[in-house]
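Novice: What follows is a structure written as structure tokens; I'll ask about it next.
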Amino acid sequence: TWRVWAIYMVLAATLSEEQALKQACPSCDATLSCNCSSRGLDFIPSGLTGKITVLNLAHNRIKHIRVHDLQQAVNLRTLLLQSNRISSIDEDSFSSLGKLELLDLSNNSLAHLSPMWFGHLLSLQHLHIQGNSYRDLGESSPFSNLRNLSSLQLGNSQFSTIRQGNFEGITLLNKLLVDGGNLSQYEPGSLKSIKKINHMIISIRRVDVFSAVVRDLLHSAIWLEVREIKLDIEKEKLVQNSTLPFTIQKLTFNDATFTDEYVIRIIELLNEITSLREVEAIDCMLEGKGVWNAGEKASSRQSSVETVSVTNMTILNFYLFFDPEGVESQVTKLKRLSITSSKVFMVSCRLARLFSSLLYLDFHDNLLVNNRLSETICKDSWPSLQTLNLSKNSLKSLNQTAKYVTNLAKLIDLDISQNNFGEIPDVCEWPENLKYLNLSSTQIPKLTTCIPSTLEVLDVSANNLEEFSLQLPLLKELYLAKNQLKTLPDATAIPNLVAMSIRRNKLNSFSKEAFEGTEVGAVQLSLMECYRSLMVSLICALVFLVVLLLVAIGYKYHAVWYMRMTWAWLQAKRKPKRAPPKDICYDAFVSYSENDSNWVEDVMVQELEQACPPFRLCLHKRDFVPGKWIVDNIIDSMEKSHKTLFVLSEHFVQSEWCKYELDFSHFRLFDENNDAAILILLEPIQSQAIPKRFCKLRKIMNTKTYLEWPLEEEQQEMFWENLKAALKS
């Protein structure tokens, strides 16, 4: 017996825990994922089982993780605890989570890190602990057992110290993020234990710490991204004598501030890191004039960088920034240059001629204008350029733009979209090898022979074109979307066309001659474009069926009657809430079922109308105006009555007519919040039997005393006295 009792107690406890979990996390059911985020939880809910693989407890109020909280969740792969108030974790809290792959403890209140927390997480790949309050990582490495770790995010606004040995045990990381905005102490060699870091992101402000970090990462990081740094002059050489090969291939500055002096140091750094291929600056600021002369020794050494990208650069003294000096040796081998959203209005001809190896140039979203193109694209400038993007600038003349672009003899691809050209000349000069031209969103009203016949790809989308009649024998791709075309282009004019986009036009039909029997490999057209008549017929049939369905539903549920009644009620709402005393004709309007008419007419009416003094009752059978709409009769009778008597019975509730009458009573009487309703129970009836939509009437039956007709004659006298008193009130 005691064993049965013990089993029962265990099962009961298990069921109660599962119920508690379901109450805390309604989404945590039979699925393997359990979302308990933003539930206002103070503790990790009990009842977690081995079935759960994903547990989201983010954005709660959890302060402490106890040793038994996660013991049963042995199959967890993802545990999200970010944005709580966690300040303490029992040492063995994660000991049963040997299969855990992602642990997020970011944005909490952890003042220190314990190696014991992560000691059993042998499968952990992603660890996020940034945004806490710890100042360092301890005297040793808290990550020594995390052999499978792939990404690590750490640091916070108070994080100040990194020591040697803090990263022992980690040999390879795909991503390492260090929030070290206030990092002031970095022991050289701290990051050298990590043999390879594919993407290193560090927020840093002190240039001496930056230099020390760079020295440690020269032989391990592939992509180094530096955020929030204000780079100033620093005399010590960044790259020391080393026989090891450099690994850094990409260097990104995000939200950094440069002076002219430090740009010189960056130029020297680019020369020293021979593995560097790409430099990127995002949302940065330049406090200088472009005087970057690094001296004879630095200028003679060529950079290995092939790609430079600058996005949203702010130059404080941009009106003084004209022709950067000292960059000659840095640009001769450059192959790709992108300067976007940086308010560039021109490039000097002298500088443009230095980019002898440049193949790709992107000036998207700047302030280039036609009268400065003579400098930016002068003769012998950008001699090797094949791709040029001048989209979203301030170019106004297509003729002038084409004229200056002819200086780029090797140009193949030109994007001048999102400029407001407005007009297009009949004839234009273009580079001989131009094959790709983007003229979309340029406000050109038509297409002329200005378009070069050498093109293989042409994009003239979003220009309100009404026709396309160009002869382009080499064209393979044509983009005509968002125009006003009514017919397809003539196939004979573009015989080599492979792909065409013509969506969002005004095409009415396709003629057989437009295709000349040529087989179309792939056409992406909507059903409306392909089968317009069929689609219109189907839509009409669908609308007819919907209307028919609505009519059937309205007939079944008397929708027309309710609509007419609602309209009458709205009209009545405009009238005064109470009729003037001189307009009151009746003491009470009586609402009752026809099945109860014998009692109403032979008993109640006789008793009340023959009383002394007599009461004046309004009965629909006797007092309604013949020929007048029933709803108007109800409204007028209720407005002219001091009270309304409801004679409730099973017949009343089941009567369709009484439901209508109750509907209006619900609208009119209870909307005014008065006590004009008197309820008489002719026979016992539960308030639940009244339709649920009459919530106020149901509430009255539950909260207000009503009169119940007694079967005993000796009690009927008291009933009549109470009813008469209610009518007089």
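Novice: Output the pairs from K51/K195; K379/K435; K410/K482; K63/K230; K333/K379 with a Cα-Cα distance over 27 Å in this structure; if there are none, say none.
Specialist: Result: K51/K195; K410/K482; K63/K230 exceed 27 Å.
Novice: By per-residue mean of other Cβ atoms within 10 Å, what is the highest-first order of 608-614, 408-414?
Specialist: Those peptides, ordered most packed to least, come out 408-414, 608-614.
Novice: Let me ask something additional. How would the range 134-288 be classified by its alpha-carbon gyration tensor: rounded, prolate or oblate, with rounded meaning a/c under 1.5 and the a/b versus b/c comparison settling the rest?
Specialist: The shape class here is prolate.
Novice: If you count, for each residue, the other Cβ atoms within 10 Å and average over each peptide, how do 623-633, 36-46, 204-214 line up from highest to lowest? Present the calculation step by step, with values, prior to reporting the outcome.
Specialist: Numbers: 623-633: 13.2, 36-46: 16.5, 204-214: 19.1.
Averaged packing, sorted descending, gives the order 204-214, 36-46, 623-633.
Novice: Arrange the peptides 55-62, 594-601, 171-178 so that the one whose residues have, on average, the most other Cβ atoms within 10 Å appears first.
Specialist: 55-62, 171-178, 594-601
Novice: Please report how far the C-alpha centroid of the range 409-468 lies from that of the range 592-631, rounded to the nearest whole angstrom.
Specialist: The range 409-468 and the range 592-631 have Cα centres separated by 88 Å.
Novice: Then there is this: Can you put D426, D260, D283 in order of accessible area, largest first, using a 1.4 Å probe?
Specialist: D426, D283, D260
The values are calculated or read from the model by the stated rules, or taken from the named source; none is laboratory data. Bear in mind the structure is a predicted one, so any value in this text is a computation, not a measurement. With ideal geometry, Cβ positions are generated from the backbone for all residues, glycine too; neighbour counts draw on all protein chains shown. With ligands, DNA and RNA removed, areas are computed over all heavy atoms of the protein, side chains included. Shrake-Rupley method; radii C 1.70, N 1.55, O 1.52, S 1.80 Å.
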